[in-house]
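Q: The structure is given below, and queries will be raised subsequently.
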Amino acid sequence: MSGDTMRDTPGRPWLPGGPAAQQPDWATHPAYAESCAALESAPALVDPADLDRLRRTLAVVAGGGATVLQLGDCAESFAETGTDHVRTKTAVLHALADEVAAGTGAPVLRVGRIGGQFAKPRSHPFTEVGGVRLPVFRGHLVNGEGPTHEDRAHDPRRMVRAYRASARVLRELDRERSRRAARAPGFDDGPWSSHDALVIDYEARLVRTADGRRFLGSTHLPWLGDRTRAPHSAHVRLLAAVGNPVALKLGPGTDPAELREVCALLDPERTPGRLTLIARMGADRVTAALPPLVAAVRDAGHRPVWLSDPMHGNTVRVAGVKTRHLTDLVDEATRCKHVLEQAGEHPAGLHLEVAASDVTECLGGKVDGVERLAERYTTLCDPRLNPDQTAELLRAWIRA
Ligand SMILES: O=C[C@H](O)[C@H](O)COP(=O)(O)O
Ligand SMILES: C=C(OP(=O)(O)O)C(=O)O
Ligand SMILES: [Mn+2]
């Protein structure tokens, strides 16, 4: 995106109507209009032909012929979008996916929470740091994590920085996919990008048209979080209007009738590979909460890819620190697998928050006590597994 193009040829935005939860408060910022215009005239970050390719691969997954590993940071950092960072992250994704492929005997589709995972829905708008009340950190697309009012201010210029950071990452993913395709043509296993399509100002201004069809130009596989998937929300209207494969997070409060309504809006033609549903119920709730949802979706004729996110329903505070117990994650992932198998569905894989380095944010494996959490606790938002903990979880899931 060159500066000149950004200013001289403002596009005509397509914007979804409807209420939008969890949005930044920045419409009166002096740089708001200019930042939106910059995005409107910027090229799409993904190729629409790739979106069809990914959808076809997801259709293979939905039919039981492959599994999916979708993982990465809870919140990506602008500071970790250089080529070396991306290569380190994709190397971890491939190493873990290769283990799953060896363990299941089936190909593994590799999807990162990467190349745009810069916006976070939060439980509370404010937080207290050292006795000072500050706006909560909402991801680098919206504000900074520093504990000052200045850093926490919502700044629309960050949308342009997010676009540029995503462009760097996605270019590297494209190169990586081409290298893999040249080495092993056939099953198109990625790595593909995905993120929570949370900030409507950003996402809607990256909607583009190709061959008369709209597509979301910010990522390959956008998902909607558990807090933003209401049937007539701007978020659902946004994803209903674009041709990308799309995903939804489903928490324990998901109502089967409401889910059917959303699935009908997102997947009216029952297109194989269009819809991925990610259960994030909590280890204690998945066995009761998931079966009615599986039945509702299937009875309505959809054939989604079913994934388990065992992270977001199992966050706890231990000695004031946000963490997750690996044992809970194993419990939820394996229970989810059993529920899906009993319902005659393919347990298609896992959606995980994983760091590319040896962090100490979740309890389990070598992180064997609360006192160890402080050693390398570097996440910008939720606690991530390190690669060893992830491998342990994957082995348990494969065995279950
Ligand atoms: O990543 C997901 C959410 O942003 C996160 O779980 C919310 O965390 P919070 O409850 O600390 O706001
Ligand atoms: C916010 C997230 O998840 P959920 O919407 O499931 O809470 C996330 O994946 O980081
Ligand atoms: Mn998270």
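Just so it is clear, none of the values below were taken in a lab; they were calculated from the coordinates. Source: prediction; values computed, not measured. Because the Cβ atoms are built from the backbone with ideal geometry, glycine has one as well, and the counts that use them run over all protein chains shown.
Q: Using a Förster distance of 25 Å, how high is the FRET efficiency between residue 148 and residue 33, based on the Cβ-Cβ distance and rounded to 0.05?
A: 0.45
Q: Now for a separate question. Which value, in nm² and rounded to one decimal, describes the direction-averaged projected area of the C-alpha convex hull of segment 48-135?
A: Numbers: hull surface 34.9 nm².
For segment 48-135, averaging the hull's shadow over all directions gives 8.7 nm².
Q: Go ahead and estimate [θ] at 222 nm for the chain from helices alone: -39,500 (n - 2.57) per DSSP H run with n ≥ 4, summed, over the residue count, rounded to 500.
A: Taken over the chain, the calculation gives -12000 deg cm²/dmol.
Q: Under 8 Å for C-alpha pairs, at least 6 residues apart: give me the relative contact order for the chain, rounded to a whole percent.
A: 19 percent.
Q: Also: If you put +1 on each Lys and Arg Cβ and -1 on each Asp and Glu Cβ, how big is the dipole of segment 198-354 around its Cα centre, in Debye rounded to 20?
A: 320 debye
Q: Additional query: Do any cysteines of the chain lack a neighbour Cys whose Cβ is under 4.7 Å away, and which are they?
A: 36, 263, 336, 362
Q: Right, next: Expressed as cubic angstrom per residue, what is the convex hull volume of the alpha carbon set of the chain?
A: 135 Å³
Q: Next up: Determine, for 261, 269, the number of other Cβ atoms within 10 Å of each Cβ, and report the residues in order from fewest to most.
A: 269, 261
Q: If you place +1 on the Cβ of every Lys and Arg, -1 on the Cβ of every Asp and Glu, and leave all else neutral, what size is the dipole of the chain about its Cα centre, to the nearest 20 Debye?
A: Once rounded to the nearest 20, the dipole reads 560 debye.
Q: On to the next question. Taking Cα pairs under 8 Å and at least six residues apart, what relative contact order does segment 299-345 come out at, in percent? Display every interim value, and only then the final one.
A: On the way: 24 pairs, mean separation 16.8, N = 47.
In percent, rounded to a whole number, it is 36.
Q: Build a GNM of the chain with springs between Cα atoms under 10 Å: which of 287, 148, 360 gets the top mean-square fluctuation?
A: Largest GNM mean-square fluctuation: 148.
Q: Sort 379, 323, 81 by Cβ crowding within 10 Å, fewest neighbours at the top.
A: 379, 323, 81
Q: Work out the length of the dipole vector of segment 23-65 about its Cα centre, built from +1 on the beta-carbon of each Lys and Arg and -1 on the beta-carbon of each Asp and Glu, and round it to the nearest 20 debye.
A: Dipole of segment 23-65, to the nearest 20 debye: 320 debye.
Q: Any chance you could tell me what percent of the C-alpha pair distances in segment 133-199 go past 18 Å? Can you show the working numbers first?
A: Values: 1175 of 2211 pairs.
For segment 133-199, the fraction of Cα-Cα distances above 18 Å is 53 percent.
Q: A further question follows. Eight or more residues apart or on different chains, and alpha-carbon atoms under 22 Å: count the Lys pairs in the chain matching that.
A: Summing the qualifying lysine pairs gives 7.
Q: With contacts defined as alpha carbon pairs under 8 Å and 6 or more residues apart, what's the relative contact order of segment 255-400 in percent? It would help to have the intermediate numbers written out before the result.
A: Values: 242 pairs, mean separation 32.0, N = 146.
Taking the mean separation of contacting Cα pairs over the length of segment 255-400, I get 22 percent.
Q: For segment 120-250, what is the largest minus smallest coordinate of the Cα atoms on each principal axis, given in angstrom and ordered from greatest to least?
A: On the principal axes, segment 120-250 reaches 57, 35, 27 Å in Cα extent.
Q: Express as a percent, rounded to the nearest 5, the fraction of DSSP beta bridges in the chain (both residues included) that run antiparallel.
A: Taking every DSSP beta bridge within the chain, about 30 percent pair in antiparallel fashion.
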